[in-house]
1. Which strands (runs of 3 or more DSSP E) does segment 150-254 wholly contain that include 1 or more residues that are in contact (Cβ under 8 Å) with a residue 60 or more places away in the chain and touching an Asp or Glu at 6+ places or on another chain (Cβ under 8 Å)?
2. Please determine, by comparing only the residues of segment 36-49 that are touching an Asp or Glu at 6+ places or on another chain (Cβ under 7 Å) and more than 15 Å from residue 131 (Cβ to Cβ), which one is most open to solvent (accessible area, probe 1.4 Å).
3. Within segment 200-228, work out how many residues are under 23 Å from residue 163 (Cβ atoms) and hydrophobic (A, V, I, L, M, F, W, C).
4. Quickly run through segment 301-338 and pick out the residues that are more than 15 Å from the chain's Cα centre (by Cα) and among the β-branched types (Val, Ile, Thr).
5. Going through segment 232-279 one residue at a time, which ones are of a type in the set (Lys, Arg) and exposed (fewer than 13 other Cβ atoms within 10 Å of the Cβ)?
6. Residues of segment 176-235 being basic (Lys, Arg) and in contact with a strand residue (DSSP E or B) (Cβ under 7 Å, 6 or more places away or on another chain), which ones?
7. Residues to consider are 63, 58, 52; find the one that is within 13 Å of residue 337 (Cβ to Cβ) and either acidic (Asp, Glu) or open to solvent by 60 Å² or more (accessible area, probe 1.4 Å) (or both).
8. Mind checking which residues of segment 102-153 are within 15 Å of ligand 2 (Cβ to nearest atom) and under 16 Å from residue 63 (Cβ atoms)?
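The values are calculated or read from the model by the stated rules, or taken from the named source; none is laboratory data. All values derive from a computational prediction rather than experimental measurement. Positions of Cβ are generated from backbone atoms using ideal geometry, with glycine treated the same way; all protein chains shown enter the neighbour counts. Each accessible area value is taken on the protein alone, full model and side chains, heavy atoms only, with ligands, DNA and RNA left out. Shrake-Rupley method; radii C 1.70, N 1.55, O 1.52, S 1.80 Å.
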Amino acid sequence: MSLSSAPHPEMLAVVKIGPGSDNVRLEHVEEPTAGPGLARVKVIATGICGTDIHIARDEYACDPPVIMGHEVLGIVDSVGSEADAALVGRRFVCETYFSTCGTCDWCRSGRRNLCPTRRSIGSFENGGFARYVVVPVINLHEVPDGVSDSEAVLAEPLACVAQALLDPPVVSAGDRVLVTGPGAIGQLAAQVAMAQGGIVTLAGLPRDTERLATAAGLGIATTTEIPQANSFDVVIECSGSAPAADVALRSARRGARYVQIGIFGKDVTVPFDLVLYKELVVSSGFASTPTSWRRTMALIEQKLVNLAPLITGRVPIDRWQEGFDAAAAGEGIKTIILPG
Ligand SMILES: [Zn+2]
Ligand SMILES: [Zn+2]
């Protein structure tokens with residue numbers, strides 16, 4: 001028997017084990033080690049995202065078997081060769097691309113989010129629903145001392161919102177802004193639009209009363225009614241539901257901007273002629289770029305957004321299913337998994 005047969009330590013991980021709807025299991029997997037240019041992060045918390053629900057349902061591309069989770073907060077525990085050992089022991093959030101090709105038009109113009117062969121953690125490479133995750137050191141953003149774990153863990157979804165709303169900016173001071181969908185992305189979009197000087201209304205369904213109350217507590221106007229047609233300068237669709245997109249298109253004024261951030265996960269029917277009749281400017285943002293991360297870390301550090309109240313659920317990893325169920329049912333705003 002050789003010495004190398006000593007068993008590797010194992011960890012619990014939430015794994016998409018193969019294609020098929022809800023083919024997600026809690027499994028024992030080998031703990032990873034950091035290769036060249038990589039850091040091993042001991043996870044403090046990883047947020048459950050709508051994208052995770054889409055991955056579980058086979059509505060979003062992935063490469064199973066793969067450990068899920070991409071909204072990672074943790075402490076660097078070790079680094080591989082060609083990585084700075086001074087990173088060890090410090091607290092970070094991380095960008096989600098494990099690799100991109102580096103040579104396509106989009107990579108070369110700083111838009112790695114659009115690289116056709118990008119491989120992100122949580123879908124193509126092992127992610128953060130586990131004790132450890134290994135990421136490229138260039139993806140790490142250190143969390144400033146004055147920022148709590150509950151604020152920092154929302155950095156990744158905030159970076160996606162920043163990509164859609166800040167780069168380039170879509171709201172001007174005094175704009176009337178409608179945000180549809182009071183989940184985490186809608187709440188973050190409402191806060192960012194406010195930080196840009198927008199006069200923001202966050203719209204939801206009657207079943208969203210609690211989530212809307214959280215926003216109202218942070219000074220955002222809310223409604224469960226259908227907003228007046230043709231009354232907003234900017235509409236930001238964050239729910240990924242066709243009825244909400246319908247409302248958003250109808251609520252936009254002539255010449256307004258329509259921003260799609262929610263993912264439908266399927267083909268939908270919406271009154272797209274309104275884009276033409278009202279000369280709407282349609283834009284979006286897919287995932288994030290280093291630029292949107294830089295803005296995100298500044299928003300968090302300068303307290304231009306109020307993130308801690310958006311964490312409404314915390315579950316240990318063995319109760320991951322409860323967290324997924326809450327996210328799928330739209331209960332609460334953001335549930336995080338604590339791998340312990
Ligand atoms: Zn996410
Ligand atoms: Zn590329």
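1. Where strands (runs of 3 or more DSSP E) fall fully within segment 150-254 and carry at least 1 residues being in contact (Cβ under 8 Å) with a residue 60 or more places away in the chain and touching an Asp or Glu at 6+ places or on another chain (Cβ under 8 Å), they are 176-180, 232-237.
2. If we take residues in segment 36-49 being touching an Asp or Glu at 6+ places or on another chain (Cβ under 7 Å) and more than 15 Å from residue 131 (Cβ to Cβ), then 36 is most open to solvent (accessible area, probe 1.4 Å).
3. 6
4. Within segment 301-338, 305, 312, 315, 317 qualify.
5. 254, 266, listed by residue number.
6. Across segment 176-235, the qualifying residue is only 176.
7. The conditions single out 52.
8. The answer is 115, 116, 117, 118, 119, 120, 124.
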